[in-house]
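Right, one structure below, let's go through it.
Just so it is clear, none of the values below were taken in a lab; they were calculated from the coordinates. Predicted model only: the values in this text are computed from it and were never measured. Ideal geometry is used to build each Cβ from the backbone, glycine not excepted, and the neighbour counts take in all protein chains shown.
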Amino acid sequence: MDKVRNTLVALAGAAALALPAIGMAQMTGPDSSWYVGGSVGQSKFDVDCTGASTCDDSDTAFRVFGGYMFNKHFGAELGYADLGKVSLSGAIPPFGTVNANIKVKAWDLVAVGVLPIADKFSVYGKLGMYRADSDLSASALGVSASTSDSNTDLTYSLGAGYDFSKNLGIRGEWQRYSKVGSDNTGGDGDIDVFSLAVVWRFK
C-alpha cells in the first residue's frame with residue numbers, strides 16, 4: 001500500500017510541476033471553471049501514546065475549499081480545515097493525573113491533477129503546502145496551562161470524484177498533513193484525514 005501511495009503522490013507532484021506551463025496556457029478553455037465545496041470526515045493523529053492511560057487520536061474533521069480548474073486536468077485549490085483534536089491522560093508523578101488536548105486548524109494551498117476515467121467519474125491527486133495552528137492545553141492538580149505554535153509543511157491527497165451534473169459532484173478523499181506541530185506543542189506528527197465532500201462548480 002505504501003509503495004502504491006508513494007507512486008501516486010509522485011504523479012500528483014508531476015502534475016503540480018506541470019500546472020504553470022499547461023494551466024496558464026489554457027486558463028479560459030471550455031473546461032475551465034471556479035468551484036467551491038465542503039467536506040466532513042475523520043482525522044487520525046500520529047502521536048506517541050506510550051505511558052498514557054487513555055489516548056484518543058481520532059476526531060471529526062471539517063474542511064471548506066474553493067478552487068479553479070484551468071482545464072479538465074489541472075487546477076489549484078485553497079482550503080481551510082478544522083482537523084479536530086487528540087486527547088491524552090496519564091499519571092505523571094508528582095503531578096498526579098495529567099489531561100492534555102491538542103487542537104489543530106490549517107490553511108492549505110494545493111495544485112490539483114485530475115484523470116477522467118469515465119463520463120462522470122474521475123480520480124485525482126493534490127500536492128501543496130499547509131500552514132497549521134496547533135493549540136496545546138493541559139491540566140493537573142486543578143491547574144491549567146496552554147501554549148500554541150504554527151508550522152508550515154507539505155500536504156498531499158488522493159481521491160475519486162463523481163459528477164451528478166455539470167455543477168454538482170461528490171469526492172471521496174484521503175489527505176495527509178505532514179509533520180504538524182512543534183516541540184512547543186508536544187512534537188510533530190502526521191495527520192491523515194478521510195473525508196467525503198460536496199462540490200459545486202460555477203458553469
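Brief remarks follow.
- In terms of other Cβ atoms within 10 Å, Thr50, Thr60 run from fewest to most in the order Thr50, Thr60.
- The modelled label-to-label distance for the pair Phe194/Thr152, using points 7 Å beyond Cα in the direction of Cβ, is 3.2 nm.
- Helix axis angle, 2-23 relative to the chain longest principal axis, alpha carbon, degrees: 50 degrees
- Eigenvalues of the alpha-carbon gyration tensor of the stretch 75-132, scaled by 5 and square-rooted, set the equivalent ellipsoid semi-axes at 41, 13, 8 angstrom, largest first.
- Stretchable slack from Lys105 to Met129, in nm (0.36 nm times residue separation minus alpha-carbon distance): 7.3 nm
- Per residue, the convex hull volume that the Cα atoms of the stretch 40-96 enclose (Å³): 105 Å³
- Reachable lysines, given that their alpha-carbon falls under 22 Å from the alpha-carbon of Lys179 and they are not under 8 places away in the same chain: Lys3, Lys44, Lys85, Lys103, Lys105, Lys126
- Farthest toward the positive end of the dipole of the chain, out of Ala100, Ile170, Leu127, is the Cα of Ile170, where the dipole comes from beta carbon charges about the Cα centre.
- 3J(HN,Hα) along the stretch 152-164, derived from phi through the Karplus expression 6.51 cos²θ - 1.76 cosθ + 1.60 where θ = phi - 60°, amounts to 10, 7, 8, 10, 8, 8, 9, x, 9, x, 9, 9, 6 Hz, with x in place of Gly and Pro.
- Taking Cα centre as origin and charging only the Cβ of basic (Lys, Arg, +1) and acidic (Asp, Glu, -1) residues, the dipole magnitude of the chain rounds to 780 debye.
- Which label in (i) 41, 20, 14; (ii) 38, 15, 15; (iii) 31, 17, 16 gives the computed semi-axes √(5λ) of the Cα gyration tensor in Å: (ii)
- Approximate spin-label separation Ser137-Asn184, in nm, with each point projected 7 Å along Cα-to-Cβ: 1.8 nm
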